[in-house]
Every structure is written in structure tokens, then in C-alpha cells.
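Here's the structure, in C-alpha cells; my notes come after.
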Ligand code: FES
């Protein structure tokens, strides 16, 4: 059975993108181990509201590891300790009585702070809008088996498609590079026959948009791979580089 823990919680407070931020410290008492990290923050906010103080602002939506909204940097790691899980899938049993838990926003030029630990991740939407799709011609729906796809390609494309666009790769990278995100999104389409007609255009457009939006270069530190909650592989980055070079050579 999970035991209750008491700990010191330090959360980043910042009024806007240009405001100077600071940590607020709270003593959290008797939090059950089966409380999720976000539920623990809900408890904090209930206390703050009861005390007439401003609640701590953080992002969340699905709370089941799907949407990628719960972008918190916890004790020096995007999504906190452990691998293969998002902040909303993190439980307080991962921490010990007496711990100091520090919560910060994603820190990247590409993700300006909106308030406290909520950041603006619309840059990722802009990168997807630049080319992360296949154009669909209207007309009769094709027979499901008209284009055969090998199991290996389908599995690999599906692995790439599990990227939820949370931005942990950017937060983990000392260069603020978005290459793991972009390469996963390029790969999921490049691996399938339906994605090939626009592959060259897509690789160039998405890389250009990523650079325009202020994300840094990849220097192969692999921090992104180590911290990705969906275990995306940097093999995707190698594939993106190949797609990009091929596209440039055919210009
Ligand atoms: S809130 Fe959706 S992934 Fe965490």
C-alpha cells in the first residue's frame, strides 16, 4: 500500500514572457503516494485559492499521456524522474518523505512562458502546418488494401507517430533543438507510400520553419532520446537528415 509523504515543493512563478520569475516554496503534508503529480498540484491550488492567493498555472488536458500538454520540468528532468511517462503519468510514490521537488517550465527560446509553468508551444503547430501532413484529393475512398505496406514499415511509422509533440526533447536539449520532434513527424509519413509524393517538400519546409522559429541545432547529445516520454529514437533524426539532403540534391 502507498504511504503518505511530506515534502518541500518549489514552483516557478512568472507573470509573463518578459517578467522576472522566481520560485515559491510550499510545504506539502501527507500527500498519498497514489496521488498523481498533477493531482498534487491541484491540492496545492485548492490550498492557494482557500488562502486567497493566485493559483499556480500549469498546462494539462488529457491526463493520460496522450495530448502532450503537461509540460513540466521536475527536478531537472522534463516530465520528472523515470522514463517513458509524461508528467500526468507520474505518481507521488516516485518521491520520498522529506524530498525537495522543484518544478520549472520548459525553458527554450521557442517556447516563451505565458504564465508560471505554462509555455506557448504553438511553434510546434506552425512546424506541422508547414508540411506535417499528406494532401488528400477528394473523390472516392480507396480500397483499404489498394496500397500494400510491409509490417516493418507500418510498425516503424507507428513508432514515429507516437510522438505527442510535448516538447520534452526541446527542453532536454542544451541547444533547444526540436529535431527529435520534427524528425518523428517527417518519418511517420516518409516511411509510408502515401507520404512519399510530398516527402522532399515536407522535409525542407518543416526544417526551414523550425529554424525560423528559433530552435537550435542538433549536436547529437541524445538528451532528447533519453527524456522523450514516448521513447522516440534519434534514428529518426538520421532519417530526417537523409530526407533533407536528398531533397536539397534534387532541387
Ligand atoms: S495531460 Fe495529456 S499527456 Fe499529460
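The values are calculated or read from the model by the stated rules, or taken from the named source; none is laboratory data. Remember, predicted model here, so these are calculated numbers, not experimental data. Neighbour counts are summed over all protein chains in view; Cβ atoms, including those assigned to glycine, are modelled from backbone coordinates with ideal geometry.
General observations
- Just one of (1) crowded, with 16+ Cβ neighbours inside 10 Å; (2) within 15 Å of the ligand (Cβ to nearest atom); (3) closer than 20 Å to residue 182 by Cα fails for residue 127. It is (2).
- Look at (1) within 19 Å of residue 156 (Cα to Cα); (2) in contact with a strand residue (DSSP E or B) (Cβ under 8 Å, 6 or more places away or on another chain) and you find that residue 195 fails only one, number (2).
- In segment 27-70, the residues that are in a strand (DSSP E or B) and either within 15 Å of the ligand (Cβ to nearest atom) or surrounded by 15 or more Cβ atoms within 10 Å (Cβ to Cβ) (or both): 28, 31, 32, 36
- Residue within segment 21-28 that is within 25 Å of residue 227 (Cα to Cα), at pLDDT 95 or above and touching a helix residue (DSSP H, G or I) at 6+ places or on another chain (Cβ under 8 Å) present: no
- If you check 59, 30, 34, 24 for being on the phi > 0 side of the Ramachandran plot and touching a strand residue (DSSP E or B) at 6+ places or on another chain (Cβ under 9 Å), only one passes: 30.
- Selected residue (only one of 87, 102 is surrounded by 15 or more Cβ atoms within 10 Å (Cβ to Cβ), within 15 Å of the chain's Cα centre (by Cα) and either away from the ligand (no atom under 16 Å from the Cβ) or closer than 26 Å to residue 161 by Cβ (or both)): 87
- For the residues 199, 168, the requirement of being within 16 Å of the ligand (Cβ to nearest atom), touching a residue at least 12 places away in the same chain (Cβ under 8 Å) and touching a helix residue (DSSP H, G or I) at 6+ places or on another chain (Cβ under 7 Å) singles out 168.
- No other residue among 133, 73 is in a loop (DSSP other than H, G, I, E, B) and either over 25 Å from residue 170 (Cα atoms) or more than 13 Å from the ligand (Cβ to nearest atom) (or both) apart from 133.
- Unique residue being on the phi > 0 side of the Ramachandran plot and either within 14 Å of the chain's Cα centre (by Cα) or at pLDDT 95 or above (or both) when the list is 214, 176: 176
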